[in-house]
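Q: Structure incoming, see below.
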Amino acid sequence: MWQHIAYDWVDPLEMAAGIPASAGDFVLLHSGLEAPFTGRYSLLALYKDREVVAEDFKPLEPMLTTRQPTYENAWFGYFGYGLKNVLEELPHDKAWHIALPNLHMATYKMVIRFDHRMKQIDIWAKSSAELSALPAPKKFSGYKAPKISKIDSDMTKKQYLKKVTEVQEAILRGDIYQANLTRKFTGLFEKETDAFALFTKLCAVSPAPYSAFLRLGDTAILSSSPERLLTLTAEGMAESRPIKGSAPRGHNVAEDIFNKEQLQASTKNRSENLMIVDLMRNDISRGCEIGSVRVSDLYDITSYSTIHHMSSAVQGKKRAEVSPLQLAKYCFPPGSMTGAPKIEAMRLCSTLEPYARGIYSGAIGYFGGDGTVDLSVVIRTLVIQGTRFEFQVGGGIVEDSTPEDEWRETMTKARGIAGALGLSLKELEGI
């Protein structure tokens, strides 16, 4: 039986920092920034119980068939972008810098919920043994950026600009309306680094409602995503909040307000956003009751430490016969990371991008035992394996995109991770 106890308030980052290496894998879903639609709770899952590591969804499907209390059969982990090949007939991914399984999900013997608003902590544990092994919170000391011995990209600026033009040529041919073209940065640390300390720095320089840290064997995944792929309540109410349209934060108040207003009024960004909203309406409606799907918060602007984003909300009521996993599969991969039409956009990007995206453009989150789901879109994410690391940036290309502006947007999206790594944008721009 799961037990429930109250605990005095501790910051979730400090609690997770106290988890010893001997505890093995753990997942922290960290709400580092509260938004009107999310960000109240953080979840820390530790002491791994069962695990599914696979290249497709099949091994996970039977694990989610029984209805149980929220955390008693809660599966935490990620879906990699490569699962697109399971769902559609698409070109397979090419070269890898850090190779990861397409799917990694696990249940844990302890789940700690942090209520940031009420400053309360609730703990669910499988037995008293786990309760006695509650991690001792660890205060943060000074942060020192890791030394990087090598950093590279799979596209130079010149190559990226050329490929933006190729996407626009495909649009003019009528093949697609929009494609999300991405580029990957890869590198080496001089020595193995403290990945969680790096995550706390990322949370400081780029706080986000869907931050996440996953320690999975020798791999660490550090995410500061602002984007919701899918939430599902126990009653079956579903929501996706695709982001399309971005502008940098200003250097002063006047410039910041100007950039935000320009984004809000931008015909180009609105059309880009609307295309993906229509795509997500189609995806989510495949698993929802007829007439229940609606759009709210159209062209909403949310501001983060380094960037303004335009997002919209698509909501619906899941059909009773559709499982939570099936609804997630209908919405996968995130339309904001593919383009429209979805399959043709994915096919085109596979031919233009030299490296496999890996976890990038996939999903991180959990499936609760009670049918709840909370999944973020994997953007603003750093993957570390030994001394190797990688992160990826991109943007939606439409007919009236300006290649130079699109390249500049990728640099804006890289600011948070670059700051945590101790890199300047000028250093990235020269790669």
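Q: Within the set of pairs 6 or more residues apart or between chains, which connect a residue that is within 19 Å of residue 239 (Cβ to Cβ) inside the range 329-345 to a residue that is assigned to a loop (DSSP other than H, G, I, E, B) and of a type in the set (Val, Ile, Thr) with Cβ atoms less than 7 Å apart?
A: none
Q: Sticking with this structure for a sec: List pairs: first residue in the range 213-240 and under 19 Å from residue 277 (Cα atoms) and of a type in the set (Asp, Glu), second residue modelled with pLDDT of 95 or more and surrounded by fewer than 21 Cβ atoms within 10 Å (Cβ to Cβ) anywhere in the structure, Cβ distance under 6 angstrom, at least six positions apart or on different chains.
A: 239/231; 239/315
Q: Being within 22 Å of the chain's Cα centre (by Cα) and either closer than 21 Å to residue 40 by Cα or surrounded by 15 or more Cβ atoms within 10 Å (Cβ to Cβ) (or both): is that true of residue 73 here?
A: The answer is no for residue 73.
Q: Could I ask something else about it? Would you kindly identify the strands (runs of 3 or more DSSP E) lying entirely within the range 1-104 that contain at least 1 residues that are modelled with pLDDT of 85 or more and over 21 Å from residue 195 (Cβ atoms)?
A: 41-54, 75-79
Q: Does residue 350 satisfy being modelled with pLDDT under 95, out of contact with any strand residue (DSSP E or B) (no Cβ under 9 Å at 6 or more places or on another chain) and surrounded by fewer than 18 Cβ atoms within 10 Å (Cβ to Cβ)?
A: It is true that residue 350 is modelled with pLDDT under 95, out of contact with any strand residue (DSSP E or B) (no Cβ under 9 Å at 6 or more places or on another chain) and surrounded by fewer than 18 Cβ atoms within 10 Å (Cβ to Cβ).
Q: Restricting to the range 220-238, give me the number of residues that are part of a strand (DSSP E or B) and crowded, with 20+ Cβ neighbours inside 10 Å.
A: First, pick out the residues of the range 220-238 that are part of a strand (DSSP E or B): 220-225, 228-232, 237-238.
Add one more test, that the residue is crowded, with 20+ Cβ neighbours inside 10 Å, and what stays is 220-225, 228-230, 232, 238.
Matching residues across the range 220-238 total 11.
Q: Would a scan of the range 246-261 turn up a residue that is crowded, with 21+ Cβ neighbours inside 10 Å, in contact with a Leu (Cβ under 9 Å, 6 or more places away or on another chain) and closer than 21 Å to residue 79 by Cβ?
A: No - not one qualifying residue is present in the range 246-261.
Q: Given the residues 361, 311, which is the only one that is within 24 Å of residue 161 (Cβ to Cβ) and crowded, with 23+ Cβ neighbours inside 10 Å?
A: One residue alone meets the criteria, 361.
Q: Taking the range 408-426, which residues are closer than 16 Å to residue 184 by Cβ and surrounded by fewer than 19 Cβ atoms within 10 Å (Cβ to Cβ)?
A: 411
Q: Exactly one condition in (1) of a type outside the set (Val, Ile, Thr); (2) more than 23 Å from the chain's Cα centre (by Cα); (3) exposed (fewer than 14 other Cβ atoms within 10 Å of the Cβ) is false for residue 36; which is it?
A: (2)
Q: Considering only the range 152-167, state which residues are surrounded by 19 or more Cβ atoms within 10 Å (Cβ to Cβ) and either touching a Cys at 6+ places or on another chain (Cβ under 9 Å) or not charged (D, E, K, R) (or both).
A: 153, 155, 160, 164, 167, listed by residue number.
Q: When you look at residue 404, is it surrounded by fewer than 19 Cβ atoms within 10 Å (Cβ to Cβ), modelled with pLDDT of 95 or more and farther than 27 Å from residue 30 by Cβ, yes or no?
A: Taking the combined requirement at face value, the residue satisfies it.
Q: On to the next question. Tell me which strands (runs of 3 or more DSSP E) are completely within the range 373-429 and hold 2 or more residues being under 18 Å from residue 336 (Cβ atoms), or say none if there are none.
A: 373-377, 388-397
Q: I'd like the full set of residues that are within 17 Å of residue 374 (Cα to Cα) and among the aliphatic types (A, V, I, L, M), limited to the range 78-117.
A: Answer for the range 78-117, where residues must be within 17 Å of residue 374 (Cα to Cα) and among the aliphatic types (A, V, I, L, M): 103, 105, 106, 111, 112.
Q: So, in the range 260-315, how many residues would count as being among the hydrophobic types (A, V, I, L, M, F, W, C) and assigned to a helix (DSSP H, G or I)?
A: Count: 9.
Q: Name the pairs whose Cβ atoms lie under 6 Å apart, with the first residue in the range 146-158 and free of Cβ contacts under 8 Å to residues at least 40 places away in the same chain, the second assigned to a strand (DSSP E or B) and surrounded by 13 or more Cβ atoms within 10 Å (Cβ to Cβ), and 6 or more positions between them or separate chains?
A: Every condition considered, the pairs that remain are 150/187; 150/188.
Q: Still on this model: Where residues in the range 283-305 are at pLDDT below 95, polar (S, T, N, Q) and surrounded by fewer than 19 Cβ atoms within 10 Å (Cβ to Cβ), which of them is farthest from residue 324 (Cα to Cα)?
A: Among them, the one singled out is 305.
Q: Sticking with this structure for a sec: I need the full set of residues from the range 7-33 which are more than 16 Å from the chain's Cα centre (by Cα) and either hydroxyl-bearing (Ser, Thr, Tyr) or closer than 21 Å to residue 241 by Cα (or both), in order please.
A: Across the range 7-33, the qualifying residues are 7, 22.
Q: Can you find a residue in the range 124-147 that is in contact with a His (Cβ under 9 Å, 6 or more places away or on another chain) and more than 28 Å from residue 338 (Cβ to Cβ)?
A: Checking the range 124-147: at least one residue is in contact with a His (Cβ under 9 Å, 6 or more places away or on another chain) and more than 28 Å from residue 338 (Cβ to Cβ).
Q: Does any residue in the range 394-410 that is of a type outside the set (A, V, I, L, M) come within less than 7 Å, Cβ to Cβ, of a residue that is modelled with pLDDT under 90 six or more places away or on a different chain, and which pairs are these?
A: 396/244; 396/272; 400/268; 409/246
The values are calculated or read from the model by the stated rules, or taken from the named source; none is laboratory data. As the structure is a prediction and not an experimental result, all values here were calculated from the model. Don't worry about glycine lacking a Cβ; one is built from the backbone with ideal geometry, like all the others, and counts go over all protein chains shown.
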